[in-house]
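The values are calculated or read from the model by the stated rules, or taken from the named source; none is laboratory data. If you're wondering where the values come from, they're calculated on a predicted model, not measured in any experiment. So basically every Cβ, Gly included, is an ideal-geometry build from the backbone, and we count neighbours across all protein chains shown.
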Ligand code: CP
Ligand code: NVA
């Protein structure tokens with residue numbers, strides 16, 4: 001059985017720490033690991049737009065000694081109705097891992113069910129777990145470093161403001177709880193997290209010493225938080241939906257005043273919309289670590305791929321959920 005990374009809780013707490021420690025190692029010596037030497041090929045497929053994910057996976061696979069095969073999935077026969085199962089059968093006979101950005105989570109779950117090589121979620125409508133690894137690495141990097149182990153993340157708080165029902169919010173819930181963090185989501189009514197994902201995050205937090213809060217009050221969420229995070233109010237595929245404008249989300253805009261209440265750092269997965277979910281003053285200001293965060297996509301994903309290829313026979317946490 002290959003290991004897959006389809007959602008944040010596919011890595012248990014100890015496993016997540018191993019991946020983050022390796023990410024730190026790779027950030028200090030980019031060419032320290034060559035698990036794809038050969039070169040072995042990794043397929044990197046996109047059903048949606050991407051800048052960071054595309055560049056970081058393509059660069060990362062090359063730096064691991066492999067050959068990245070970047071494809072617009074819509075330009076393959078998938079786009080003309082070939083099934084996910086048949087596509088996966090072909091891919092897994094040739095490549096060493098598959099990275100896919102797609103729409104519904106059920107699509108990547110279906111691919112994983114047919115794959116004999118690791119499948120990695122490069123963003124679905126429900127989760128963006130690779131981004132959260134990079135974010136956790138970034139928070140640790142700016143709060144004393146992963147070398148200090150648990151102290152870097154466990155017990156620290158992160159506050160996410162905005163669309164509480166999108167992929168980033170869901171991944172912060174699961175990934176942050178796995179890291180033992182105090183995860184606070186501030187979102188308007190009607191944009192709260194999926195109850196099943198929230199329940200899973202609470203279940204994880206109970207085992208890691210973390211905590212999970214959902215509130216409509218952004219000030220309550222950010223008070224004393226080590227990190228304040230946000231994301232676009234309109235995720236890919238939601239363009240044109242009603243109720244996604246300032247009338248709903250403006251109280252959740254990350255402003256200098258909210259950052260002062262936090263006293264922590266600012267993160268954004270990017271792309272950012274200045275004047276919407278965050279002011280230019282904040283994202284371009286001294287508390288912002290968004291460029292480190294973007295760079296850490298490279299290190300975190302190289303660590304993840306290395307780790308997955310190193311752990312082919314163990315069962316994933318997914319089997320326990
Ligand atoms: N943060 C992120 O995933 O960026 P891209 O959509 O540009 O890949
Ligand atoms: N929530 C955003 C994240 C982009 C990286 C989206 O899905 O469009």
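Just the residues that are closer than 16 Å to residue 142 by Cβ and away from ligand 1 (no atom under 16 Å from the Cβ), please, taken from segment 238-291. 259, 262, 263, 264, 265, 282, 285, 286, 287, listed by residue number. Go over the candidates 30, 54, 34 one by one and state the one that is outside the structural domain of residue 208 (by TED's automatic domain parsing), in a loop (DSSP other than H, G, I, E, B), within 28 Å of residue 291 (Cβ to Cβ) and under 21 Å from the mean Cα position of the chain (by Cα). From the options 30, 54, 34, the qualifying one is 30.
Return the residues of segment 103-127 that are assigned to a loop (DSSP other than H, G, I, E, B), touching a residue at least 40 places away in the same chain (Cβ under 8 Å) and more than 12 Å from ligand 2 (Cβ to nearest atom); say none if nothing qualifies. Those that are assigned to a loop (DSSP other than H, G, I, E, B), touching a residue at least 40 places away in the same chain (Cβ under 8 Å) and more than 12 Å from ligand 2 (Cβ to nearest atom): 115, 116, 117, 118.
If you go through segment 261-281 one residue at a time, do you hit one that is without any contact (Cβ under 8 Å) to a residue 24 or more places away in the chain and assigned to a strand (DSSP E or B)? Working first, answer last.
As a first pass, look at segment 261-281 and keep what is without any contact (Cβ under 8 Å) to a residue 24 or more places away in the chain: 274-275, 280.
Filter once more, keeping what is assigned to a strand (DSSP E or B): 274.
Yes: segment 261-281 contains one or more residues that are without any contact (Cβ under 8 Å) to a residue 24 or more places away in the chain and assigned to a strand (DSSP E or B).
A count restricted to segment 50-102 and to residues that are within 28 Å of residue 27 (Cα to Cα) and more than 16 Å from ligand 2 (Cβ to nearest atom) stands at 18.
Scanning segment 224-232 for residues that are over 18 Å from the mean Cα position of the chain (by Cα), modelled with pLDDT of 95 or more, more than 21 Å from residue 143 (Cβ to Cβ) and not assigned by TED's automatic domain parsing to the domain that holds residue 12 turns up nothing.
Within segment 240-249, can one find any residue that is part of a helix (DSSP H, G or I), surrounded by fewer than 24 Cβ atoms within 10 Å (Cβ to Cβ) and within 16 Å of ligand 2 (Cβ to nearest atom)? Spell out the reasoning first.
Looking only at segment 240-249, we keep the residues that are part of a helix (DSSP H, G or I), and these are 246-249.
Within this subset, residues satisfying the condition of being surrounded by fewer than 24 Cβ atoms within 10 Å (Cβ to Cβ) are 246-249.
Subsequent filtering for residues that are within 16 Å of ligand 2 (Cβ to nearest atom) retains 248-249.
Scanning segment 240-249 turns up at least one residue that is part of a helix (DSSP H, G or I), surrounded by fewer than 24 Cβ atoms within 10 Å (Cβ to Cβ) and within 16 Å of ligand 2 (Cβ to nearest atom).
For segment 23-52, give me each residue that is farther than 16 Å from residue 131 by Cα and either within 16 Å of ligand 1 (Cβ to nearest atom) or in contact with a strand residue (DSSP E or B) (Cβ under 6 Å, 6 or more places away or on another chain) (or both). Can you show your working first?
Step one: of segment 23-52, the residues farther than 16 Å from residue 131 by Cα are 25-26, 28-43, 45, 47.
39, 41, 42, 43, 45, 47, listed by residue number.
The set of residues from segment 198-224 being farther than 15 Å from residue 171 by Cα and surrounded by fewer than 24 Cβ atoms within 10 Å (Cβ to Cβ) comprises 206, 207, 208, 209, 215, 216, 217, 219, 220, 223, 224. Of the listed requirements (1) part of a helix (DSSP H, G or I); (2) buried (at least 21 other Cβ atoms within 10 Å of the Cβ); (3) more than 16 Å from ligand 2 (Cβ to nearest atom), residue 131 misses just one: (3).
A quick yes/no check of all residues on (1) under 28 Å from residue 59 (Cα atoms); (2) away from ligand 2 (no atom under 16 Å from the Cβ):
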position	(1), (2)
233	no, no
238	no, no
255	no, yes
269	yes, no
281	no, yes
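Looking across segment 91-102, just one residue is more than 15 Å from the chain's Cα centre (by Cα), in a strand (DSSP E or B) and free of Cβ contacts under 8 Å to residues at least 60 places away in the same chain, and that is 98.
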